[in-house]
Amino acid sequence: MRLWPLRIRPLAWLLSVHAKLFLLLGLVTSVLTVAVAYSITRNSRRELETYSRKLVIEATGTVETDILERDPTFKDPDKLDQLLESIAGPDRSIFQIDVFKRLGKGNEVELVRSSGDEAIVDWGPEIGSYMSLQGPQAELVDLNTGGRAWKVYLPIRGHKPGQPPIGLIRAYCDLERWEVVWDNNYNRTLRTLPGVLLGEFILLWLILRMLISDPIESMVLAMQRLERGEAEARAPVRRGDELGLIAARFNDMAAQLERAGNERESLIHEIRGLNTNLQDRIDAALSELQAKNHELAALVERNALLREELGAQERLAVAGQLTATFAHEVGTPLNLVTGHLQLLDAQADLPDKIRERLHTIQGQIQRVGDIVRRLLDLTRRPQLERKPLPFTSLLADLQQLWSPTLTAHGVVVQEEAPNPCLLDVDRKQMEQLFLNLMNNAMDAMPGGGTVKIAIRLAEESTPGGLWWEVRFQDSGQGIPAALLGQVFRPMFTTKAEGKGTGLGLSICREIVRSHGGDIRIESQPGQGTCVVFSLPGATQA
């Protein structure tokens, strides 16, 4: 088993199980090691601070005991000097102890002795407030030298319970020496920690390499050999853990594949002889089935188109019957009313005001009659009067018709037509076609916009039969893709209620088809709509 790969590929290694386990375990062990080191150093510092605090408290207790036993009335301060010199000094951790005695019955105190320079001892009336303490009080203070020290106050209490304190002890314990000890331990830990971490990483690398990476690599190599067709490939892993179980199962699978491969080779020779005749029969059947499928698809598509066309014709027929019935029922009473109005108008003694109102009524009834006649015209298939018609002339006439309306709606028309461009169409039908398209365009551009009308020779044009392709494009709101297949259906409209009948585009399609052409819609929401249709052309004489 080799411990190191022949080629180190960093990117491939980062994706391996070895890398993931190494990084995960390395991160965990390093975090734990750093945490333990930090905890040890921190606890060491805390223990040093606790020990120094305990030391200075014990020192003040020793001074208190000695005072109570030798000189509780502070009559011989020299004895106290010897005690303070033996406990505190500049070269000791407890570098200064101050002893105060109580004056009178209040909390006023007076300095008795100090282990330091008594001339610079800092004390005042406020020190007497510490006489009320029940025990020692220690606090960390900053020194003028930049270091820190424990400052401990301890009232000197007599042996009798309830007796007020006879004095006060103040002791200072410099932490500088202890800080040096802690810094040495901390620096030693920092110097040792990288080596410990490096050793952990190396050991972890080797363990993972031997236990996981090398066995997996051996199994992968065996799998690659088996994939290349080496049926005798086996995994050399012999272990009792999960990897050994995987290797054993792989070897069993490889043996089964080898046996199956031998059996397959023997069967292939037998099957090849049968495949030739079977494949020919399958190909013939597939060809016949594909031909039937194409025919069936064409029939289904044609049937769908016929159903749609039949539905549209049925709807138009129903609409025509309803319109004819409506026109007949309304026309008869209108004729009777018109007759009576004419009799009234024939009276000579009729006042001028009444006659004027009769004329107004006759005009409105005449208007209703015109509307009824136009509805009847919609139900009849018009007879086309096809004549050569210049496209520019048609546009000029249409411009006069819709110019005031376009100006009021803020719509600009752009025309693009070659000269000459001669159509073989019914002029009235063309006017209705373009007026319907312009009305739809204005409805789609309530805030104004641009309409571009362009015409060009269609691709299917031949010298014997000219066809022109017309593109009527607006800059309006556009039509959703889901509705494009329904816009030519009669009575279908996307306009608000009361603003459309749903017959405009249906009539346009009938007009184009009656001339032998075709029509379609190209539109995207927010990018306008383009109506594309073809019209027959006329040859110049």
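Read-outs: derived from the displayed coordinates by stated rules, not from any lab. Worth saying up front: this structure is predicted, and the values here are computed from it rather than measured. We place every Cβ from the backbone using ideal geometry, glycine too, and count neighbours over all the protein chains shown.
Based on Cβ point charges of +1 for Lys and Arg and -1 for Asp and Glu, what charge dipole magnitude is obtained for segment 384-536 about its Cα centre, in debye rounded to the nearest 20?
Computed about the Cα centre, the dipole is about 240 debye.
Using the Kirkwood radius over Cα pairs, work out the Stokes-Einstein diffusion coefficient for segment 168-234 at 4 °C and 1.567 mPa s, in µm²/s as a whole number.
Result for D is 75 µm²/s.
Just tell me the longest site-free run in the chain, where the sites are GluC sites (Glu not before Pro) in a DSSP loop having at most 11 other beta-carbon atoms within 10 Å.
1-231
Towards the positive end of the charge dipole of the chain, with charges on Cβ (+1 Lys, Arg; -1 Asp, Glu), say which of Gly104, Leu343, Ala298 has the farthest Cα.
Value: Ala298.
Given labels modelled 7 Å from the Cα in the Cβ direction, how far is it in nm from Asn43 to Trp123?
It works out to 4.1 nm between the two label points.
Taking a virtual spin label 7 Å from the Cα of Glu522 along the C-beta vector, which residues in segment 436-461 bring their backbone nitrogen under 18 Å of it?
Residues passing the 18 Å test: 441, 450-461.
Could you tell me the relative contact order of the chain? Use alpha-carbon pairs under 8 Å, at least six residues apart, and round to a whole percent.
8 percent
Which is the longest part of the chain that has none of the trypsin sites (Lys or Arg not before Pro) sitting in a DSSP loop with at most 12 other Cβ atoms within 10 Å?
Longest stretch, sites excluded: 239-379.
Pop out the ³J(HN,Hα) list for segment 82-91 in order, Karplus 6.51 cos²θ - 1.76 cosθ + 1.60 with θ = phi - 60°, rounded to Hz; leave Gly and Pro as x.
4, 5, 5, 5, 6, 9, 10, x, x, 9
Under a cut-off of 18 Å between alpha-carbon atoms, report the lysines in cross-link reach of Lys79, not counting same-chain residues fewer than 8 places apart.
Leaving aside lysines fewer than 8 places away in the same chain, those within reach of Lys79 are Lys101.
Mean 1/r over all different Cα pairs, inverted: what Kirkwood radius does segment 384-536 give, in Å?
15.9 Å
Go through segment 117-130 residue by residue and turn each phi into a ³J(HN,Hα) via Karplus (6.51, -1.76, 1.60, θ = phi - 60°); whole Hz please, and just put x for glycine and proline.
Result, rounded to whole Hz: 6, 5, 5, 10, 5, 8, 7, x, x, 5, 5, x, 5, 7.
Restricting the calculation to Cα positions, tell me the Rg (one decimal) and the Dmax (whole number) of segment 71-202 in Å.
Cα radius of gyration and Dmax of segment 71-202 are 20.5, 75 Å respectively.
If you put +1 on each Lys and Arg Cβ and -1 on each Asp and Glu Cβ, how big is the dipole of the chain around its Cα centre, in Debye rounded to 20?
Value, rounded to 20: 740 debye.
Note the direction-averaged projected area, equal to a quarter of the hull surface, for the Cα convex hull of segment 1-230, in nm².
20.3 nm²
Would you pull out the residues with amide H under 5 Å of Leu423's amide H, same chain only if 5 or more places away, H placed 1.01 Å from N?
Leu389, Phe391, Ala538
Quick one: Karplus J couplings for segment 94-106, per residue in order, coefficients 6.51, -1.76, 1.60, θ = phi - 60°, nearest Hz, x for Gly and Pro?
These are the phi-based 3J(HN,Hα) values: 8, 8, 7, 10, 10, 10, 10, 10, 7, 10, x, 9, x Hz.
Provide Cys421, Cys530, Cys508, Cys173 in ascending order of the number of other Cβ atoms located within 10 Å of each residue's Cβ, fewest first.
Ascending Cβ contact count within 10 Å gives the list Cys530, Cys421, Cys508, Cys173.
Just going by the charge dipole of the chain, with Lys and Arg at +1 and Asp and Glu at -1 on Cβ, which of Gln540, Val141, Leu278 is farthest out on the positive end?
Result: Leu278, furthest along the dipole toward the positive end.
Run the Debye formula on the Cα coordinates of the chain, all scatterers equal and no solvent, and tell me log10 I(q)/I(0) at q = 0.09, 0.10, 0.11 1/Å.
-0.93, -1.00, -1.06
Once fully extended, how much extra length lies between Leu25 and Ile361, figured as 0.36 nm per residue of separation less the alpha-carbon to alpha-carbon distance?
Using 0.36 nm per residue and subtracting the Cα-Cα distance, I get 110.8 nm.
Report the charge-dipole magnitude of segment 392-434 in Debye, nearest 20, computed about the Cα centre from +1 at each Lys and Arg Cβ and -1 at each Asp and Glu Cβ.
Computed about the Cα centre, the dipole is about 120 debye.
Taking a cut-off of 17 Å between Cα atoms, list the aspartates and glutamates near Lys387, but don't count ones fewer than 8 places away on the same chain.
Asp397, Asp424, Asp426, Glu431
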